[in-house]
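First comes the structure, then the notes that go with it.
The values are calculated or read from the model by the stated rules, or taken from the named source; none is laboratory data. Treat the numbers as computed from the prediction; the structure is a model and nothing was measured. Cβ sites come from the backbone with ideal geometry, for glycine too, and all protein chains shown count toward neighbours. Protein only, heavy atoms only, side chains kept; ligands, DNA and RNA dropped before computing areas. Shrake-Rupley method; radii C 1.70, N 1.55, O 1.52, S 1.80 Å.
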Amino acid sequence: MSFIAKPKINHPDMPKNSLGLTSRQYEGAMSTLCAGCGHDSITAAITQAIWELAIPPERIAKMSGIGCSSKTTAYFVGNAHGINSVHGRMPAVATGANVANRELYYIGVSGDGDTLSIGLGQFAHAIRRNLDMLYVIENNGVYGLTKGQFSASADLGSKAKRGEVNSFAPIDPVMFGMSLGASFVARGFSGDKTQLVPLLQAGLMHEGFALIDVISPCVTFNDHEGSTKSYAHTRKYSTQVISADYVPRAETITVSYEPGTAVPVKMHDGSTVVLHKVAADYDPTDRSKALGYLQEHRAKGEIVTGLLYMDQNRPDFHGTVNTTATPLVNIPMEKLIPGDSTLKALQKDYA
Ligand SMILES: Cc1ncc(C[n+]2csc(CCOP(=O)(O)OP(=O)(O)O)c2C)c(N)n1
Ligand code: SF4
Ligand SMILES: [Mg+2]
């Protein structure tokens, strides 16, 4: 834990993004998480991803629930909007904010407990509605904040720090999301920033619900032998099937690829994601085949990572419910209030 204030001085030669901002201007408060916690590496990856994309800080809305993971939103882009909501209730708050203003980039950060235990119902409906947001699960298999109880993502037979064996089968957020029709599904590891940054960038630019499950070891309660969410276990058993290159709209695709070994996917804003098939038999555009592959490899104890599924054709929440393109805050009050005569006409309809 650290309470040292961050120095406010920037080196004059620090690189700047296209808005003229340095990465320091995308940082947030000093983290109070345990030294070595995977969540802090994810914070660093999110900061880099947003800085490189040059998203103006005031166009970002950070959403979270409760848990060590949910504290993450305090640690990046200090000048953004943000709500730290109630345990497991972040998707409802994100839905309300999304309806009121579709011009913001919504970034939700949650934990395996926050999402898969108390918040499972809310999570399911955000996916079902294809809510326009990036949803990151910092998955450590435990309730870190409340001192290391097994969460719903803990593997059957995995061991707690004091030797207790988990007797329930886990909920895999990736398979859960895919079975509900999620339009963007990825898995990363907090110890692999090179893989995580383009996944986050593609997720941010996706129109609809972008789910990224990130294995993020809890060094205090779940990083021992017998844990399947430790640094050592994840390094040993993770296998990348699809690596992603995010190519912004203004840049031409320079990454080379053999036809059949990569799938370039055009995103709505004109940018491109090139999905490289590391495993030749994996198809990131065929949901049922991808699900079968994930199930088969999961049974072998493998942790499959990468951009696992993408569908750019499913309409997002705004398209389905036809939300207003003008943020509610910019609509004059007189236009939002129906007025006496309209109300009277409405009442007549129900008389
Ligand atoms: C309604 C409610 N129930 C229970 C709690 C206690 N609680 C706080 S955080 C947490 C679990 C957090 O686990 P996770 O989401 O996995 O986050 P982590 O701390 O592991 O990052 C629980 C059960 C609470 N704050 N509110
Ligand atoms: S208890 Fe675990 S999850 Fe929470 S900050 Fe410490 S290492 Fe991270
Ligand atoms: Mg957790």
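Within the stretch 130-150, restricting attention to residues that are touching a helix residue (DSSP H, G or I) at 6+ places or on another chain (Cβ under 7 Å) and open to solvent by 20 Å² or more (accessible area, probe 1.4 Å), the residue that is nearest to F189 (Cα to Cα) is Y143. Against the definition (under 15 Å from the mean Cα position of the chain (by Cα), more than 24 Å from G208 (Cβ to Cβ) and open to solvent by 20 Å² or more (accessible area, probe 1.4 Å)), how does A35 come out, yes or no? So A35 fails the test.
Screening I118 on (1) part of a helix (DSSP H, G or I); (2) within 16 Å of ligand 3 (Cβ to nearest atom) shows it passes everything except condition (1).
Run down L156, L199, L134 and say which single residue is of a type in the set (A, V, I, L, M, F, W, C) and in contact with a His (Cβ under 8 Å, 6 or more places away or on another chain).
Numbers: L156 fails: in contact with a His (Cβ under 8 Å, 6 or more places away or on another chain); L199 fails: in contact with a His (Cβ under 8 Å, 6 or more places away or on another chain).
Result: L134 is the single residue among L156, L199, L134 that is of a type in the set (A, V, I, L, M, F, W, C) and in contact with a His (Cβ under 8 Å, 6 or more places away or on another chain).
When E103 is tested against the conditions (1) part of a loop (DSSP other than H, G, I, E, B); (2) surrounded by 20 or more Cβ atoms within 10 Å (Cβ to Cβ); (3) of a type in the set (D, E), the lone failure is (2). Pairs are defined by a Cβ separation below 7 Å, a sequence spacing of at least 6 or placement on different chains, a first member in the stretch 140-151 that is under 17 Å from S167 (Cα atoms) and more than 6 Å from ligand 1 (Cβ to nearest atom), and a second member that is open to solvent by less than 20 Å² (accessible area, probe 1.4 Å) and assigned to a strand (DSSP E or B); the pairs so defined are G148/V142; Q149/V142; F150/V142. When every residue of the stretch 115-129 is checked against the conditions, at least one turns out to be touching a Ser or Thr at 6+ places or on another chain (Cβ under 6 Å), open to solvent by less than 30 Å² (accessible area, probe 1.4 Å), more than 16 Å from ligand 2 (Cβ to nearest atom) and aromatic (F, W, Y).
Of the residues F168, F123, which single one is in a helix (DSSP H, G or I) and modelled with pLDDT of 95 or more?
Details: F168 fails: in a helix (DSSP H, G or I).
Step by step, each of F168, F123 is checked, and only F123 is in a helix (DSSP H, G or I) and modelled with pLDDT of 95 or more.
Look at the stretch 67-87: where a residue is aliphatic (A, V, I, L, M) and a partner is in a loop (DSSP other than H, G, I, E, B), sitting 6+ places away or on another chain with Cβ atoms under 8 Å, you get A74/G28; A74/A29; V77/G28; V86/G65; V86/I66. Against the list (1) open to solvent by 10 Å² or more (accessible area, probe 1.4 Å); (2) over 15 Å from the mean Cα position of the chain (by Cα); (3) not hydrophobic (A, V, I, L, M, F, W, C), the condition K62 fails is (2).
Residues of the stretch 303-351 that are surrounded by 11 or more Cβ atoms within 10 Å (Cβ to Cβ), more than 26 Å from P264 (Cα to Cα) and touching a helix residue (DSSP H, G or I) at 6+ places or on another chain (Cβ under 9 Å): T323, T324, P327, L328, P338. Exactly one residue out of S167, S153 is over 23 Å from L275 (Cα atoms) and open to solvent by less than 10 Å² (accessible area, probe 1.4 Å): that is S153.
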